């Protein structure tokens, strides 16, 4: 077996899948930052944050619950769960789309860009349902290779349409929205045609399974909405308190945090089925070990990346987003973000472990505690500093409060310490390096 085949496994494929969307998305954002006027760019960021908030509502309601009840289930039970998820997805999706259309037809703001957002929002939201369900089912089945294909089609298609618009010198807020819509239609059609969304299971739905998904989802959706609001609250507050152009200035270092979200999503996606299986066996020591293994290793891996990003972030911003952001506060804000990025994996794994232990209400409490601290901190920071630094500094208090809440809450159910995460993470890293070096020696021999 070649060295290449040895390193290609569910972990590396999932990492590639998790990387595809943010990396290509970062390239698209870079192109739009160069090509769009500041106001159009700010409006696009506002649309994107608004859409992601609605998408997170649906994802939060269904993703964790579908993976939890689908993973390892008998084929009949799996069909029942998948079909019921489709029906719950229909209800949520068309409900949110209807609200957006009511606002569009009956509330006139005089802002043509906002009205365009509302006009296309519902259609885009409906078109993304099949690809969303396909991604959750594939995660539960640990088919990360197919998830990778979906990400490439979706983000690669969007990039292609944006490049076509640039080639014909017809790139503006409207054409970007149309490109976003077209890409998601193509992605969902492919997911349906390939059978990845399991649309045929719709006839196997049951009210009992829908209620089961909803009972779990009512807490996880609160957590997901709170998490999305936590990320987007800064954008909404900045848009309210500062000129629209500063939305883009702050969003750029926020988007650069995708560097750290790439491995985080991969680790969480891989760990979730393992945590779920251990929890179903009521094996709490195994749950604690999996949490420490994944969370600790990711923390150790991100530390040197954070240091390098703190040094080279300014160069990256210049290369990706152009000269107009060089003399802004974007780089220093990014440096402030590096002060808490090291504890983000711990915070994330504390949260999903609470979910898996059937304590989603506690995870929701943690997220809304962080949201409250962030909003209060944003306004306090703006009042003190009168600039974007106050908003960035508030994030430090936000994430450290989340880690403390998660730690003391989980300690009541699992036996572990914070030192366990760091020591096990370091041991895992040394073992990985030694194993990799041994494989290369064997291959050369």
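Couple of notes before you dig in:
- From the options 346, 373, residue that is farther than 23 Å from residue 218 by Cβ and within 20 Å of the chain's Cα centre (by Cα): 346
- None of 389, 399 is in a helix (DSSP H, G or I), touching a helix residue (DSSP H, G or I) at 6+ places or on another chain (Cβ under 6 Å) and either modelled with pLDDT of 90 or more or surrounded by 13 or more Cβ atoms within 10 Å (Cβ to Cβ) (or both) except 399.
- The selection criterion, being touching a helix residue (DSSP H, G or I) at 6+ places or on another chain (Cβ under 8 Å), assigned by TED's automatic domain parsing to the domain that holds residue 367, modelled with pLDDT of 90 or more and surrounded by 11 or more Cβ atoms within 10 Å (Cβ to Cβ), holds for residue 405.
- Pair list, Cβ < 7 Å and 6+ apart or interchain, from region 175-199 residues that are assigned by TED's automatic domain parsing to the domain that holds residue 21 and on the phi > 0 side of the Ramachandran plot to residues that are modelled with pLDDT under 95 and buried (at least 16 other Cβ atoms within 10 Å of the Cβ): 198/82; 198/137
- Within the option set 117, 93, being touching a residue at least 60 places away in the same chain (Cβ under 8 Å), assigned to a helix (DSSP H, G or I), within 22 Å of the chain's Cα centre (by Cα) and farther than 28 Å from residue 263 by Cβ holds for one residue only, 117.
- Residues in region 166-187 that are crowded, with 20+ Cβ neighbours inside 10 Å and part of a helix (DSSP H, G or I): 173, 176, 177, 179, 180, 183, 184, 187.
- Residue that is assigned by TED's automatic domain parsing to the domain that holds residue 292, buried (at least 19 other Cβ atoms within 10 Å of the Cβ) and in a helix (DSSP H, G or I), where the choices are 384, 373: 373
- So residue 308, is it touching a helix residue (DSSP H, G or I) at 6+ places or on another chain (Cβ under 7 Å), assigned to a helix (DSSP H, G or I) and without any contact (Cβ under 8 Å) to a residue 24 or more places away in the chain: no
- Yes/no for residue 46 being crowded, with 20+ Cβ neighbours inside 10 Å and under 19 Å from residue 244 (Cβ atoms): yes
The values are calculated or read from the model by the stated rules, or taken from the named source; none is laboratory data. Note that the coordinates shown come from a computational prediction; the quantities given were computed from them, not determined experimentally. Note that each Cβ is placed from the backbone with ideal geometry, even for glycine, and that neighbours are counted across all protein chains shown.
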